[in-house]
Amino acid sequence: MKKSAKAILIFCLTGLLFSTSCQKKEIDGTWDGCVIGMFTAAENGYFPGDGISAIKGFEELIDHEVGSVVWFPTWEEPFPTEACKEAYKNGIIPHITWELFWPSENYNTAPVDSTGFHGFEEVLNGEHDAYIDSFATAAKEYGKIVLIRFMHEFNGNWYVWSGNKNGAENDGPERVVAVWKYVVDRFKAIGADNVKWLWVPHGPSIDLKEEEWNAVANYWPGDEYVDWIGLDAYNWYPKDPWGGNRPYRDFDNCFRKLYDDCAILGDQPMMIAEFASCEFEYDGIDKAAWITDAFNKIKTEYPRIKIFTWFHIKKELDWRVNSSPEALKAFQDAMDDTYYKGSVIK
């Protein structure tokens, strides 16, 4: 082979390997450090009403670039193609929390009868196949990486898709797993391989059954059904907005056991899919100190966390990073560490 031909071949192979490596890095969370993610929207959970400008506003607030944004479409909505495109072209990984309920019929925390959430039976009976396939087809046509967090916080007792509301100790987790596998299998059959499935239990809470049947391992659908493992938890101390007392939870109390329990299930990259703290004072600690500790811990003790998502909204409580000047300064200072980064897909 002539030298010129060899050079061309080497150049082409190098380009192919570089391209494959970049795509793998993009999809598999193998980057160094942790991506800055956030939720900022109206309480309805839609993609920020002002689009990218709302996200840019958050970036200006924290003085750092964002690399992932979450929003909350339901099963009454089509795949959010335009929002995903808008996010992606700005270097932001779309993170869709796809909520299995129909707002025109009920709310996602509505009571269910003794047979469980009717949506489960309907999905498994094929009654929503056309909708699932349409959502999957649109996701495939979008073509870029998109994280889908499906049936999140399934181990809690609040959502209609939880194990607690669908049999509890009588096969509740198994029912959740069955629906998860059914939906993922339909996406796979359509070839929507750009969809990365984000499996997310919740950490300690007074609203969560601490019983063996509800262990997170019982909800694990298997390696082939999970691309990312996520964790959700909050510090509500001292009271929730309904008047109930809440225990103080530092970052480790929120995530240490959950992280360890999930880490042994699979070797997928991990993320904090939702977290925040309200303003508080506890034994000389406040929200600013909580934030500083949280991001020190993520960097030094939770190496598999490759994205975090701060829940930047005044909703049940004031979860925003700027709920006080001190909290905002702590957040800005934490993000000054080069371990925390913006886009990994530009």
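For the range 169-176, does any single residue satisfy the condition of being under 19 Å from the mean Cα position of the chain (by Cα), in a helix (DSSP H, G or I), surrounded by 16 or more Cβ atoms within 10 Å (Cβ to Cβ) and among the small types (Gly, Ala, Ser)? Steps first, please.
Just the residues of the range 169-176 that are under 19 Å from the mean Cα position of the chain (by Cα), to begin with: 176.
Then drop every residue that is not in a helix (DSSP H, G or I), which leaves 176.
This time we only want the ones that are surrounded by 16 or more Cβ atoms within 10 Å (Cβ to Cβ), so: 176.
Pick out the ones that are also among the small types (Gly, Ala, Ser) and you get none.
Taking every residue of the range 169-176 in turn, none turns out to be under 19 Å from the mean Cα position of the chain (by Cα), in a helix (DSSP H, G or I), surrounded by 16 or more Cβ atoms within 10 Å (Cβ to Cβ) and among the small types (Gly, Ala, Ser).
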At negative phi, at pLDDT 95 or above and in a helix (DSSP H, G or I): is that true of Asp267 in this structure? no
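Among the strands (runs of 3 or more DSSP E) lying completely within the range 13-122, list those that include at least 3 residues that are within 19 Å of the chain's Cα centre (by Cα), at pLDDT 95 or above and not aliphatic (A, V, I, L, M). Step through it out loud before you land on a result.
Working: elements: 34-39, 68-71, 93-98.
Answer list for the range 13-122: 93-98.
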Some residue of the range 291-299 being over 21 Å from Asp32 (Cα atoms), of a type outside the set (Phe, Trp, Tyr), surrounded by fewer than 17 Cβ atoms within 10 Å (Cβ to Cβ) and in contact (Cβ under 8 Å) with a residue 40 or more places away in the chain: no
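Within the range 1-8, identify whether any single residue is of a type outside the set (A, V, I, L, M), surrounded by fewer than 12 Cβ atoms within 10 Å (Cβ to Cβ), modelled with pLDDT of 50 or more and not in a loop (DSSP other than H, G, I, E, B), and answer yes or no. Outline the logic, then answer.
Keep residues of the range 1-8 that are of a type outside the set (A, V, I, L, M), which gives 2-4, 6.
From what is left, the residues that are surrounded by fewer than 12 Cβ atoms within 10 Å (Cβ to Cβ) are 2-4, 6.
Narrowing further to those that are modelled with pLDDT of 50 or more: none.
Looking through the range 1-8, none of the residues is of a type outside the set (A, V, I, L, M), surrounded by fewer than 12 Cβ atoms within 10 Å (Cβ to Cβ), modelled with pLDDT of 50 or more and not in a loop (DSSP other than H, G, I, E, B).
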Would you mind finding the one in Glu153, Glu169, Glu224, Glu211 that is over 25 Å from Glu82 (Cα atoms), without any contact (Cβ under 8 Å) to a residue 40 or more places away in the chain and not hydroxyl-bearing (Ser, Thr, Tyr)? Glu224
Complete set of residues in the range 124-149 that are touching a residue at least 12 places away in the same chain (Cβ under 8 Å) and among the polar types (S, T, N, Q): Ser134, Thr137
Taking the range 295-346 as the region of interest, how many residues are touching an Asp or Glu at 6+ places or on another chain (Cβ under 7 Å), modelled with pLDDT under 95 and of a type in the set (D, E, K, R)? 2
Got at least one residue in the range 148-158 being surrounded by fewer than 22 Cβ atoms within 10 Å (Cβ to Cβ), aromatic (Phe, Trp, Tyr), part of a loop (DSSP other than H, G, I, E, B) and at pLDDT 95 or above? yes
Among the residues of the range 177-206, what is the count of those that are over 18 Å from Phe150 (Cα atoms) and either of a type in the set (Ser, Thr, Tyr) or within 20 Å of the chain's Cα centre (by Cα) (or both)? 2
State which residue pairs qualify: first residue surrounded by 19 or more Cβ atoms within 10 Å (Cβ to Cβ) and inside the range 308-332, second residue of a type in the set (Phe, Trp, Tyr) and in a helix (DSSP H, G or I) in any location, beta carbons under 7 Å apart, and separation of 6 or more residues or different chains. His312/Phe58; Val321/Phe331
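Take Ala294 and tell me if it is over 16 Å from Asp232 (Cβ atoms) and of a type in the set (A, V, I, L, M).
Working: over 16 Å from Asp232 (Cβ atoms): no; of a type in the set (A, V, I, L, M): yes.
In short, no.
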Within the set of pairs 6+ apart or on separate chains, which have a first residue in the range 97-123 that is on the phi > 0 side of the Ramachandran plot, a second that is buried (at least 17 other Cβ atoms within 10 Å of the Cβ), and C-beta atoms under 7 Å apart? Gly116/Lys165; Gly116/Asn166; Gly116/Gly167; Gly116/Arg175
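The values are calculated or read from the model by the stated rules, or taken from the named source; none is laboratory data. Keep in mind the model is a prediction, meaning the values are calculated, not measured. Cβ coordinates were reconstructed from backbone atoms using ideal geometry, including for glycine residues, and neighbour counts include every protein chain displayed.
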